[in-house]
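Shown next, in structure tokens, is the structure this report addresses.
The values are calculated or read from the model by the stated rules, or taken from the named source; none is laboratory data. Fair warning: this is a prediction, and the values are worked out from it, not measured in the lab. Cβ atoms come from the backbone with ideal geometry, glycine included; neighbour counts cover every protein chain shown. Accessible surface is based on the protein model in full, side chains and every heavy atom, while ligands, DNA and RNA are left aside. Shrake-Rupley method; radii C 1.70, N 1.55, O 1.52, S 1.80 Å.
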Number of protein chains: 4
Amino acid sequence: MPEAVTVESLERLFESVKNWGRWGPDDERGALNYITKDLRAAAARLVRDGEAVSCSLEFPVLPGPDNPTPAQHHMVLAGDAPEGSGVPHLETALDYIGIACHGMATSHIDALCHVFVRGKMYNGFSASDVKSTGAARNSIMAARDGIVTRAVLLDLPRLRGVPWLEPGSAVERAELEAAERAQNVSVAEGDVLLVGTGRDARRKALGAWDPIGVGLAGLHPSCIPFLHERRIAVLGCDGTSDPLPGSAVEGWPIPIHQCCLVAMGVHLLDNLELGRLAAACAARERWEFLYSVAPLRIERATGSPVNPVAIF
Amino acid sequence: MPEAVTVESLERLFESVKNWGRWGPDDERGALNYITKDLRAAAARLVRDGEAVSCSLEFPVLPGPDNPTPAQHHMVLAGDAPEGSGVPHLETALDYIGIACHGMATSHIDALCHVFVRGKMYNGFSASDVKSTGAARNSIMAARDGIVTRAVLLDLPRLRGVPWLEPGSAVERAELEAAERAQNVSVAEGDVLLVGTGRDARRKALGAWDPIGVGLAGLHPSCIPFLHERRIAVLGCDGTSDPLPGSAVEGWPIPIHQCCLVAMGVHLLDNLELGRLAAACAARERWEFLYSVAPLRIERATGSPVNPVAIF
Amino acid sequence: MPEAVTVESLERLFESVKNWGRWGPDDERGALNYITKDLRAAAARLVRDGEAVSCSLEFPVLPGPDNPTPAQHHMVLAGDAPEGSGVPHLETALDYIGIACHGMATSHIDALCHVFVRGKMYNGFSASDVKSTGAARNSIMAARDGIVTRAVLLDLPRLRGVPWLEPGSAVERAELEAAERAQNVSVAEGDVLLVGTGRDARRKALGAWDPIGVGLAGLHPSCIPFLHERRIAVLGCDGTSDPLPGSAVEGWPIPIHQCCLVAMGVHLLDNLELGRLAAACAARERWEFLYSVAPLRIERATGSPVNPVAIF
Amino acid sequence: MPEAVTVESLERLFESVKNWGRWGPDDERGALNYITKDLRAAAARLVRDGEAVSCSLEFPVLPGPDNPTPAQHHMVLAGDAPEGSGVPHLETALDYIGIACHGMATSHIDALCHVFVRGKMYNGFSASDVKSTGAARNSIMAARDGIVTRAVLLDLPRLRGVPWLEPGSAVERAELEAAERAQNVSVAEGDVLLVGTGRDARRKALGAWDPIGVGLAGLHPSCIPFLHERRIAVLGCDGTSDPLPGSAVEGWPIPIHQCCLVAMGVHLLDNLELGRLAAACAARERWEFLYSVAPLRIERATGSPVNPVAIF
């Protein structure tokens, strides 16, 4: 039975999983350092049949309960280019996108500067290094060369035999371990760990909902030592990894974000589409695969929209 | 010696490489259909040492001669979150990006709806299907699951023994074939073909320049049959594949774009950063590798910013 | 008792108030032509005590039931400018705004190109003149020099002795005339006519609501001949002039917009804040005043956010 | 002959024109307080013939030497609305604008939070009150009800008998006073003072130029006591009031901005179009008129694009 979650236990937990200094005082890559070239080459050897599966939602331009500040997609020039449009002889179409990617309907990666704990971010850098002009430290450029490694999907609805986990439910460490056993797979150093909660299935069945008001399934703080011990490089979820509504513990509203991003230096993938992936895994009875995530190279950014791809 | 480039020869060329109907009347994937699962699995088997190399420029927020309409990167919330900022108890940083990705300083993929020839796009769909609300046909969603396959880099400066090709110079078919021989590699069905012209080296040495006014190196129309015969899936370049200034032939300003996107259904990667990649290839004397390109899943879009990654 | 509102009656109405050709075949200013310099000078003579009252809501950056696609307001540089921020020696703060101004929580002006009736806009120009690159005809540039003239407020809640008109209620012509008599004012040629429905009071009392789902008070089609006979230049409202939900008559969802913008060439001011103005008028028992509206000079635009000001 | 401009003289000047505390410790309106209702009513009585003249440039969407970060104007929906576009039965056109208004080709107003001097802004508020979420103090909301008062144009090219002042030239106090005499007008309390340098004429004749590299005409620091003594409310210019390149005095790059915005609390109007206005004044031999400036009501903003209008 897990320890009661209190300010003290979370502070202890945070300290116990801290990787600050582990890769030097100037390091901004955090747990991405676990991904060695050898591990990457080994991940490529996992490829068998060559199927590729995207883990991204559609770009969220429609307002909705999970998307109160939708992105912009505007045409700059459509197929109606007039004579004399300034593009003589060239028939072309152009568009523009704008997005604040940390929304709850956007598949995105969080940079290590996205969250602070008492004014500090990963490796002890100060929140004041994230200025109005952008992040001088821990920007998404830490992942500038892409994240290519093995990923493992732990499929919680499958484990529980339900179509989805109810909003607000929190998966404990024992369930992650049970899912490993049920799926005959073991989360290991340098992995992207993907946790499926069935959010996509619930959205399809019941429509989108407000994650703040109604809730999202996620991981209980008891999972944090597991993530640390297994030395994962990145954590991804079809929700936001933290259950919502957030923890009621003073100062620890989203312990997974706080311990992963700040203490461990683990980048997070939020709001993935894992329904297609879960089906592809189940069809093969195989929950490990080569995984590729390629953040846009945005200097000083707190994250990036991404379209992560699994290759079987 | 190549045929003179005239309206007639380009029209003949266009017709001769047309893939309209090849994959059915409703197809919007074009030459991406060449990438089979088997080819993808074979590409994964190319991975040896596990090095990953990004082929993207930095997100282009600074105005410059090659970037007259820079992108936006704005913080929504920096590390100075006040008490009472509306995010009580949560210390976080957020930002916003906006971009018209077809600019000349942006690494991006062109969707098949990006260019028309006399009012038609790939597979015969009408330019009028690209409305002010976006592309009803041939949007970037054709590549929604990512493009993962083998890529081959043909390194033209290396072939010619120069640091870069001068702006405006046009590489002919014979040079592509000479580069294949020199590099002991052969462009094949389903490949991403990357053509390096040394633009990054020239930019580093001389600073950015205006591609419209000064020019860019690219491919001569004589390369088009080569691209067609080899059944490439995607063409990428550190420039825009077409040399600039564009062709003076009436109605055919950018024959590579027009023949690849419209006739052949070949997606294009423009303004890649191929300097790092060329060095990685030369160090290994190996110019083929696994390649992953993951456009954002933007419905009705004419393209997407991307960060393509090579894995050796 | 008003004629039943049918397709036929609305078509007849539309034809009967049509100003097409009235100011020449190329005219794009429509009823702004009613505002002569003499009328403007006379309006200035209305000024007595010099009080100025804004009729604009706050820039709508917060999502809400009346604002599903909020505007963007982002700092480009706040007061935390670092040494070496690229602005040496200069301490400055900068920001960025982005807005699609036709939203229901934005005080804005509609250009004459904002609405079409069966493919035509004011003065018979074709909807196809409004391209993906903007409006070649009837853009907001028609009002490029500002709209400065007399305005009259008709205060409907005051007339009815209620704090606000309920969502969906439609004010008929007789009520406009009754308000004129009650307020001892007469709407005349070249006026901006402002119609107050108490939306601000209701919002303050009950919170914002969804105008589409819940409704908005506005003008019944019977008012259209009144607007035409009086030769108003501009119509403004704290709602959208048309009641919502819109008319159920096939092809005539928003007859006020359709007849004002398209037939009469009357620009519209939507979503004004008229609570402050109503109080200022009531305090003086005077419902006419000098009015100034200054759209941004955006070529090819369908409208502009504005902050109209009344001077007493 | 004016005192040499040094760090010491500028510091003395800054102190000598400081209005901090003049209107109370919490005041954020600064010299707008000079505009009384009586002055506004008197300004309205200046109206004679009713001509209205806009003082704004066109919205700056085209890149150029004076506009390295152009604004965005994109259609959201043009006149090609398909059946089933989500707007059933309604034929409409919509667009979107985005702008960082402090650019050098944009007619805009500077809020009092736009500039700091040694970490302080008007009335002694700290630069740290301008956060990544916007300005908690001295935002443009100080002018939320519009600025309506008398304006006076001082036409420097007319005084000098030249079509324009050369880039970089600095107008001294004596010339402002000479212009007053030549135009038979006197700048007084509560005025908007407009200073014309002929920038528009030069742009028309020679094309746009880079104000940073080439320069702009503006006011010498010797004008600052004049602005203070006359108790102007707002200063406007067809340039940026400060000459460019800026002053070489350490810490005082733009003394007019620094003394007006920070010391005196005088809002600034930058990059106006004063060519039309100068012609209208000359035709009447009358350089005073009613003036209306209506910033958008953007909470926490550092300024606003505006279209100021003169009424004769």
Check: Which members of region C:300-309 meet the condition of being more than 16 Å from residue C:141 (Cα to Cα) and open to solvent by 10 Å² or more (accessible area, probe 1.4 Å)?
Finding: none
Next item on the list: Working only within region D:48-67, note down all residues that are of a type outside the set (Lys, Arg), in contact (Cβ under 8 Å) with a residue 12 or more places away in the chain and assigned to a loop (DSSP other than H, G, I, E, B).
Entry: D:49, D:50, D:51, D:55, D:56, D:57, D:59, D:60, D:61, D:65, D:66
Item checked: Residue that is at pLDDT 95 or above, more than 18 Å from the chain's Cα centre (by Cα) and within 27 Å of residue D:292 (Cα to Cα), where the choices are D:127, D:201, D:143 -> D:201
Checklist line | Subset of region A:157-201 (residues that are in contact with a His (Cβ under 7 Å, 6 or more places away or on another chain) and not charged (D, E, K, R)) | finding: A:170, A:171
Notebook entry, point to check: Got a number for residues in region B:1-23 being more than 14 Å from residue B:261 (Cα to Cα) and open to solvent by less than 20 Å² (accessible area, probe 1.4 Å)?
Noted result: 2
Item checked: Number of the exception - residue B:192 against (1) open to solvent by less than 10 Å² (accessible area, probe 1.4 Å); (2) of a type outside the set (Asp, Glu); (3) under 25 Å from residue D:74 (Cβ atoms) -> (3)
Note to self: Considering only residues that are crowded, with 24+ Cβ neighbours inside 10 Å and small (Gly, Ala, Ser), which ones fall in region D:213-236?
What the structure shows: D:217, D:218, D:233, D:236
Check: Do we have any residue at all in region C:214-228 that's aliphatic (A, V, I, L, M), over 21 Å from residue C:151 (Cα atoms) and within 12 Å of another protein chain (Cβ to nearest Cβ)?
Finding: no
Notebook entry, point to check: Mind checking which residues of region D:244-262 are away from chain C (no Cβ under 11 Å), farther than 20 Å from residue D:152 by Cβ and crowded, with 21+ Cβ neighbours inside 10 Å?
Noted result: D:244, D:255
Next item on the list: Check residue B:272 against each of (1) in contact (Cβ under 8 Å) with a residue 40 or more places away in the chain; (2) part of a helix (DSSP H, G or I); (3) within 25 Å of residue B:17 (Cβ to Cβ) and name the one condition it does not meet.
Entry: (2)
Next item on the list: Would you check which residues across region B:303-312 are more than 7 Å from every other protein chain (Cβ to nearest Cβ) and either free of Cβ contacts under 8 Å to residues at least 40 places away in the same chain or more than 14 Å from residue A:295 (Cβ to Cβ) (or both) and list them?
Entry: B:303, B:310, B:312
Next item on the list: Return yes when residue B:76 is in a strand (DSSP E or B) and under 20 Å from the mean Cα position of the chain (by Cα) and no when it is not.
Entry: no
Notebook entry, point to check: Does region C:30-53 hold any residues that are under 20 Å from residue C:140 (Cβ atoms) and touching a strand residue (DSSP E or B) at 6+ places or on another chain (Cβ under 9 Å), and which are they?
Noted result: C:30, C:31, C:32, C:34, C:35, C:40
Notebook entry, point to check: Taking the stated definitions as given, is residue B:100 under 22 Å from the mean Cα position of the chain (by Cα), open to solvent by 30 Å² or more (accessible area, probe 1.4 Å), of a type in the set (Gly, Ala, Ser) and facing chain A (nearest Cβ under 8 Å)?
Noted result: yes
Check: Somewhere in region B:168-189, is a residue within 23 Å of residue B:65 (Cβ to Cβ) and buried (at least 20 other Cβ atoms within 10 Å of the Cβ)?
Finding: no
Next item on the list: Kindly check whether there is at least one residue in region C:83-90 that is farther than 26 Å from residue D:140 by Cα and touching a residue at least 40 places away in the same chain (Cβ under 8 Å).
Entry: no
Margin query: Looking only at region C:273-299, filter to residues that are more than 7 Å from every other protein chain (Cβ to nearest Cβ) and within 20 Å of residue C:31 (Cα to Cα); which one of those is surrounded by the most Cβ atoms within 10 Å (Cβ to Cβ)?
Written below: C:293
Checklist line | Selection count, region D:54-97, where residues are at pLDDT below 95 and more than 7 Å from every other protein chain (Cβ to nearest Cβ) | finding: 6
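Residue-by-condition table, conditions (1) out of contact with any Cys (no Cβ under 9 Å at 6 or more places or on another chain); (2) touching a residue at least 40 places away in the same chain (Cβ under 8 Å); (3) outside any helix (DSSP H, G or I):
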| site | (1), (2), (3) |
| --- | --- |
| A:251 | yes, yes, yes |
| A:260 | yes, no, no |
| A:268 | no, yes, yes |
| A:278 | yes, yes, no |
| A:297 | yes, yes, yes |
| A:301 | no, yes, yes |
Notebook entry, point to check: Among the residues of region B:124-147, which ones are touching a Phe, Trp or Tyr at 6+ places or on another chain (Cβ under 7 Å) and either buried (at least 24 other Cβ atoms within 10 Å of the Cβ) or at negative phi (or both)?
Noted result: B:127, B:137, B:138
Check: Of the numbered conditions (1) surrounded by 24 or more Cβ atoms within 10 Å (Cβ to Cβ); (2) in contact with a helix residue (DSSP H, G or I) (Cβ under 8 Å, 6 or more places away or on another chain); (3) acidic (Asp, Glu), residue C:270 satisfies every one except a single condition; which is it?
Finding: (2)
Margin query: Name the residue that is nearest to residue B:71 (Cα to Cα), counting only residues in region D:49-59 that are out of contact with any Phe, Trp or Tyr (no Cβ under 9 Å at 6 or more places or on another chain) and buried (at least 23 other Cβ atoms within 10 Å of the Cβ).
Written below: D:59
Note to self: Going by what's in this entry, would residue B:27 be described as touching a helix residue (DSSP H, G or I) at 6+ places or on another chain (Cβ under 7 Å), among the acidic types (Asp, Glu), part of a loop (DSSP other than H, G, I, E, B) and at the interface with another protein chain (Cβ under 7 Å from one of its Cβ atoms)?
What the structure shows: no
Margin query: Return the pair list, or none, for Cβ contacts closer than 7 Å from residues in region D:28-47 that are open to solvent by 60 Å² or more (accessible area, probe 1.4 Å) to residues that are modelled with pLDDT under 95 and in a helix (DSSP H, G or I), at least 6 apart or on different chains.
Written below: none
Check: Among B:265, B:239, which is the only one that is under 21 Å from residue B:66 (Cα atoms), touching a Lys or Arg at 6+ places or on another chain (Cβ under 8 Å), small (Gly, Ala, Ser) and crowded, with 24+ Cβ neighbours inside 10 Å?
Finding: B:239
Check: Which of the following residues is within 30 Å of residue C:308 (Cβ to Cβ) and of a type in the set (Ser, Thr, Tyr): D:304, D:247?
Finding: D:304
